[in-house]
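The values are calculated or read from the model by the stated rules, or taken from the named source; none is laboratory data. Note that the structure is a prediction, hence the values are computed from the model and not measured. Don't worry about glycine lacking a Cβ; one is built from the backbone with ideal geometry, like all the others, and counts go over all protein chains shown.
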Amino acid sequence: MRVNASLLLAASLLASNASATALSAPLDSGAAPITPRKAFPDPNYEELEKRGVIDELVNKIVSEIESAVTCVGCQALTTALKGVAHLGDTVFVKVVTAVCSGLKVQDSDVCTGVVATEGPVIAKMLRSMTIGSRTNKVICSSLFGLCDAPDLLPYPGTIPPPAAKQKRTPLSTRSSAKPLKFVHISDTHIDRLYKNGTNTKCNKPICCRPYTPGDDVGKTQNPAGPFGSVGCDTPVTLQQSLYEAIKQTASDADFMIFTGDIIDAALWLQSEEDTVSGMRDMYTRISNSGVAKKVYGVMGNHDTAPVNLFPVSEPETSYGSALPYYNEMAANVEKWVGAKAAKSIKQNSGCYSVVHPGTNLKVISISTNFWYNMNIWAYADNGMDAARDPGNVFKWLTGELQSAEAAGQSAYIIGHMPPGIADALPDYSNYFNKVVTRYSSTIKGMFWGHTHSAEFEITYKDATSRGHQNAIITSYVTSCVTPRSANPVFRVYTVDPASYQILDYDHYYTSIADIAYGSTKKPEWKKLYSAKKVLGPVVNPPLPANAPLSPAFWHNLTVAFENNDGAFQAWFDRKIADFHTAENCDADCKQKEICQMRASSTELSCYKGSISGLVKRDLITSGAAIREVDEYLHRGPRTQHGTLQCGGHMLEVFMKMARDKESIRKIVATGVMGRPVL
């Protein structure tokens, strides 16, 4: 899931404006390279001052910010960003860090750490982007939320037509009297540096660490509990409690799926070494716990350093590669998936498949990181100008599904980011939808995480006529283990051993808020609900006891939610496992939530990456506009669907800058030029 990295990316993209202008080529001067990034040379600051460039840039940027609440304004803004990127990686990082810290977007150490690692890749992307290109428009749509999304590009590959007569192999020898069972966990975000008794209310993306002496045990008025706290990621104690609860609840489970995001949200401290060891540590603890016979995992957007950045072409030698993380994942899951699948992880950008032993069920693990709108590599070299298949993931997926169909197998697809949310780049989300629609008779379910909220999405044979008769695949999105903004959960699914349809699932949770600092209590994991028992009676007619949770059932549930507000509100409360917030869902919220349930690709979602309609140019400095945007940006965790609305933080910081020109001048002068301001 995207957390405060989006905020700092916003700082990255906007703060560079503080020194952006017509300068489009690097000036002569030597500079030490950023390791391991390849930096451009620094400009001559004294020459810039003599020419009055800095003052001109400050005035220019404020002007651009004030007009950036339109699509045209966004493209003008990216022109300025491209200009500062041409001043070089080192300058870009220095300017971004100064403005991020000066505007108090985050604490200075957070600004310094994240910008130093992500900034050079952003600068590289900007240098390679053509202003006014389709890629430019996608950035202004997906990141800034200021342009309408461009028309979708046609699918670049070939999807084989259905065979006239499909081969069917014998079903599993397992007794049909005993359903299969599997466990689903996601977004563990393990914080191995969590410290019991430290401050839970810091000013960083996650707390519960002794960042300062005042945060430490015995010094804070807000001490963290022994098994986790709100605003903090998962301590090892909670992780161990989770595995024990799963063993007690589902000791007979056939396998477990993990849908990504192992690493904590201390993004500014993230390194290759820490990320690799964090991945290894979690999988080792799973293995040692004996919680599952088989574990099928995926790679989340947090499972790389810097966060979110997965190069489309490998090996990437200048700006950091994702190969160490693919290799680490392969090494950790090989014991469960075998050597062939482990090799596939390394060769196919984290993707692999395996037929679960003793069954006719093929589990296909797919990487969604190339499709994430915060993966800056997706935009490099005008990457969104033409239709493409990044990493050949769609070609690989098509081959896996085609072979499953030919063999008469059923398939589950597991991945990190659901394809229907606004975080997914529309072209790639649409391509994925086309592929899975073709193989809907083979796919018996898709399973995701990322949103930190329990949800479902329905794929339809015809997206223009979304009804129960056209519902063909259900996507199950589970909530998170981290207690950062939800109660920790896990799920246990039961499966028909002949058809591999989902029969039911039980949703378990614990409330760590009940265990305060100094308590000797342990987490109590409880069943929040069983899907068939709680949701089955809501539809009309009620779901029969022996019926599966079919895609048609899930569509009928959305219809029931439209007509039964009590049932909908109960579902809404359960999305983050009855975690207490002041969040309400009014009629407009309800309409968008139900729309999201019926969205299997981004272009069908009602949660769009745009807030330009909330802010008018003549209101940009008004308190009313600021409050309206703040309210929009900081919606509760049940309605974020994995994001704080694409591009929202950019505008939030734009308005701070536009309201205080003198502060920007001081930041540039002191943080970039290194000269005092009287």
Out of the residues in region 195-214 that are in contact with a Lys or Arg (Cβ under 7 Å, 6 or more places away or on another chain) and not β-branched (Val, Ile, Thr), which is surrounded by the most Cβ atoms within 10 Å (Cβ to Cβ)?
208
Residue check, residue 422 outside any strand (DSSP E or B), small (Gly, Ala, Ser), modelled with pLDDT under 95 and outside the structural domain of residue 78 (by TED's automatic domain parsing)
yes
Tell me whether region 452-473 contains one or more residues that are surrounded by 24 or more Cβ atoms within 10 Å (Cβ to Cβ) and at pLDDT below 95.
yes
Can you pull out every residue in region 318-331 that is touching a Lys or Arg at 6+ places or on another chain (Cβ under 6 Å) and crowded, with 21+ Cβ neighbours inside 10 Å?
319, 326
Some residue of region 548-563 being free of Cβ contacts under 8 Å to residues at least 12 places away in the same chain and not basic (Lys, Arg):
yes
Residues that are under 29 Å from residue 449 (Cα atoms) and modelled with pLDDT under 95: does region 220-229 have at least one?
no
For region 359-368, which residues satisfy the criterion of being in contact with a His (Cβ under 7 Å, 6 or more places away or on another chain) and either outside any strand (DSSP E or B) or closer than 26 Å to residue 144 by Cβ (or both)?
368
Of all residues making up region 569-597, the number that are among the hydrophobic types (A, V, I, L, M, F, W, C), in contact (Cβ under 8 Å) with a residue 40 or more places away in the chain and surrounded by 14 or more Cβ atoms within 10 Å (Cβ to Cβ):
7
Restricting the search to region 337-367, which residues are over 18 Å from residue 283 (Cβ atoms), in contact (Cβ under 8 Å) with a residue 60 or more places away in the chain and among the polar types (S, T, N, Q)?
359, 360
Applying the selection to region 374-404, what residues are in a helix (DSSP H, G or I) and in contact with a Leu (Cβ under 8 Å, 6 or more places away or on another chain)?
376, 377, 378
Just for strands (runs of 3 or more DSSP E) wholly inside region 477-554: which have at least 1 residues that are in contact with a helix residue (DSSP H, G or I) (Cβ under 8 Å, 6 or more places away or on another chain), of a type in the set (Val, Ile, Thr) and crowded, with 19+ Cβ neighbours inside 10 Å?
489-495
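Let's see how each residue does on (1) of a type outside the set (Gly, Ala, Ser); (2) in a loop (DSSP other than H, G, I, E, B); (3) touching a Leu at 6+ places or on another chain (Cβ under 8 Å):
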| residue | (1), (2), (3) |
| --- | --- |
| 328 | yes, no, no |
| 345 | yes, no, no |
| 349 | no, yes, no |
| 353 | no, no, no |
Residue tally, condition within 13 Å of residue 307 (Cα to Cα) and either part of a loop (DSSP other than H, G, I, E, B) or hydrophobic (A, V, I, L, M, F, W, C) (or both), over region 261-296:
12
